[in-house]
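Read-outs: derived from the displayed coordinates by stated rules, not from any lab. No experiment lies behind these values; they were computed from the predicted model shown. With ideal geometry, Cβ positions are generated from the backbone for all residues, glycine too; neighbour counts draw on all protein chains shown.
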Amino acid sequence: MQEDRIRAALVELLYRNSYGVVVANILISLAAAYVLRTTVSASWLIGWLGAVYLLTAIRVLAARRFFSREREPASASRWAWLAAAFSCVSGLLWGALGWVGFLPQEPVLFSFTVIVLTGLICGTVPSLSAFPPALVGSIIATVLPITVRSITNGGDIAGAYLALLAGLVAINLYLLPHHLPDAA
């Protein structure tokens, strides 16, 4: 019974944090599209922005629905997994940006892409740690594309950035169990 209440509270926290995620997705995606506009095709950026904004709108609707009705403790798991799915899809969209922003021949743009991804990775910890599958799924989906590009097409600078990303991922995943209650 107490564990059900704790889980329900953690899921509520997950959805309360989703509004900050929405704002970040809107602002950061606009900045990313603006910075990459000279090297990434406009049609790709418009499609990517459209997908980010569509997902953002769906997340807002889900959060509004979550808060608009009385929830039974048994529904906490369904809501948590829905949030995890949204987080993974969002991670895939940001990962796609990492794929097209893998531009070692353009060091400033490449650095910008890695900075965006590292910021997103670190930002997911406070917003998604209430449900670890959402956090882990988001982080992996975000870094996997640029990791693949770094390994297959890399070079010295790509290797250095890959080490930075790997270090941040490892630190965030290591710290995760130390911030969760036992019942989570």
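Can you give the convex hull volume of the alpha carbon atoms of the chain per residue, in Å³?
Output value, Cα hull per residue: 95 Å³.
Where does the chain land at 222 nm, in deg cm²/dmol rounded to the nearest 500, when only DSSP H runs of n ≥ 4 count, each adding -39500 (n - 2.57), divided by all residues? Intermediate results must be reported in sequence, preceding the final value.
Values: 6 runs with 151 residues, N = 184.
The helix-only estimate for the chain comes to -29000 deg cm²/dmol at 222 nm.
Taking trypsin sites (Lys or Arg not before Pro) that fall in a DSSP loop and have at most 13 other Cβ atoms within 10 Å as cut points, what is the longest piece of the chain between them?
In short, 70-184.
Read phi for every residue in region 48-61 and hand back ³J(HN,Hα) as whole Hz from Karplus 6.51 cos²θ - 1.76 cosθ + 1.60, θ = phi - 60°, with x for Gly and Pro.
Listing the rounded values in order: 5, 4, x, 5, 4, 6, 5, 4, 4, 4, 5, 5, 5, 4 Hz.
Given the Cα-Cα distance of ILE46 and ILE171 and 0.36 nm per residue of separation, how much length would full extension add, in nm?
So the chain would gain 41.6 nm between ILE46 and ILE171.
I need the phi-derived Karplus couplings for region 68-82: 6.51 cos²θ - 1.76 cosθ + 1.60, θ = phi - 60°, integer Hz, Gly and Pro marked x.
8, 10, 6, 10, 8, x, 5, 7, 4, 5, 4, 5, 5, 5, 5
Place the peptides 118-124, 154-160 in order of packing, highest mean first, counting for every residue the other Cβ atoms within 10 Å and averaging per peptide.
So the peptides 118-124, 154-160, ranked by packing, come out 118-124, 154-160.
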